[in-house]
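The values are calculated or read from the model by the stated rules, or taken from the named source; none is laboratory data. In this text, all values refer to a predicted model and were calculated from it rather than measured experimentally. Neighbour counts run over all protein chains shown; Cβ positions are idealised from the backbone, glycine included.
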């Protein structure tokens, strides 16, 4: 237990540069995590420098030891690993996030978990997607300083068109990535089935899942951590084809990227998707759909050129961030995706 809070562990599976793993781990250790379990989806892995970090390379030997073949899709590999980790988790809570996702709020996470009322089965964190302002450097990793929040489902098709023009058809509830957020699950429940975004109870069990929203907290999602990293991620997804559960709108985003013939066209597309003009910012802020205070980075990373971005890797990014005051937003129920 840390700082009079509740123990929690973090699990992540990713394929990314070593420095992204390190920044991810530093962030959640600062949030009070008692252990971080890192699964590198390929070779090579990374060597942790802290006894609270457990790193595993998911190579052929790893999958042979599990007694099954390596699942083809990245989503099935994640599910297998997360469920194995949940079964042996030593802490009270297990937080399941991607390498480019950082939960933030008005207090450290260990204190948040320690102050929870009752014994909910899971806690949900609402998505807050990182976007750039016109004045910001698009080549700087984690240079985005603003986060857009999900729109209400019933108005989002029209509202996204108003804000983003014809590109609005690519958005889901006003976001380009997932709008469902992520979860932390309480351990020790044999009826609980862990998944990437949502936990559930086994169909044979009559117990109802007790889920609660993490009011005042958000999941900062760097869907595009910079223009070069985004371009590399898109190229990687087009070449690997192992993400089997992408929605139609994500597929359309990739199709638009593939249609770009030059770096200039790709940058223009990026700007239309991941930057806000002054009026877009003011409009979204008036609707309380912006979280305009970014988490503070401890170390500002150097700009990344397109040539140095690894096109053969699934770049999911990371950042070093501190806690921030809760941003003004429309609170959503645990089942509102």
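Taking the stretch 267-287 as the range and being in a helix (DSSP H, G or I), crowded, with 16+ Cβ neighbours inside 10 Å and in contact (Cβ under 8 Å) with a residue 60 or more places away in the chain as the test, the residues that pass are 267, 270, 273, 274, 280, 281, 283, 284. When you check residue 90 against the structure, is it in contact (Cβ under 8 Å) with a residue 40 or more places away in the chain and surrounded by fewer than 15 Cβ atoms within 10 Å (Cβ to Cβ), yes or no? It is true that residue 90 is in contact (Cβ under 8 Å) with a residue 40 or more places away in the chain and surrounded by fewer than 15 Cβ atoms within 10 Å (Cβ to Cβ). Residue 163 falls short on exactly one of the conditions (1) in contact with a strand residue (DSSP E or B) (Cβ under 7 Å, 6 or more places away or on another chain); (2) under 15 Å from residue 271 (Cβ atoms), and that condition is (1). Applying the criterion of being closer than 10 Å to residue 129 by Cβ and under 10 Å from the mean Cα position of the chain (by Cα) to the residues of the stretch 164-181, the residue that is surrounded by the fewest Cβ atoms within 10 Å (Cβ to Cβ) is 177. Residue selection: residue 148 fails the criterion of being closer than 20 Å to residue 173 by Cβ and either without any contact (Cβ under 8 Å) to a residue 60 or more places away in the chain or more than 20 Å from the chain's Cα centre (by Cα) (or both).
Quick check on the stretch 232-251. Is at least one of its residues touching a strand residue (DSSP E or B) at 6+ places or on another chain (Cβ under 8 Å), farther than 21 Å from residue 175 by Cβ, surrounded by 14 or more Cβ atoms within 10 Å (Cβ to Cβ) and at pLDDT below 95?
From the stretch 232-251, those touching a strand residue (DSSP E or B) at 6+ places or on another chain (Cβ under 8 Å) are 247, 249; that's our starting set.
Right, trim to farther than 21 Å from residue 175 by Cβ and you get none.
For the stretch 232-251, residues touching a strand residue (DSSP E or B) at 6+ places or on another chain (Cβ under 8 Å), farther than 21 Å from residue 175 by Cβ, surrounded by 14 or more Cβ atoms within 10 Å (Cβ to Cβ) and at pLDDT below 95: absent.
Helices (runs of 4 or more DSSP H) wholly in the stretch 1-89 with at least 3 residues that are at pLDDT 90 or above and more than 22 Å from the chain's Cα centre (by Cα) - which ones? So that I can check it myself, show each step before the final result.
Details: elements: 18-30, 60-66, 74-88.
Filter on the stretch 1-89 gives 60-66.
Checking the structure you have, find out if any residue of the stretch 97-106 is under 20 Å from residue 24 (Cβ atoms), out of contact with any strand residue (DSSP E or B) (no Cβ under 6 Å at 6 or more places or on another chain) and touching a residue at least 60 places away in the same chain (Cβ under 8 Å). Yes: one or more hits.
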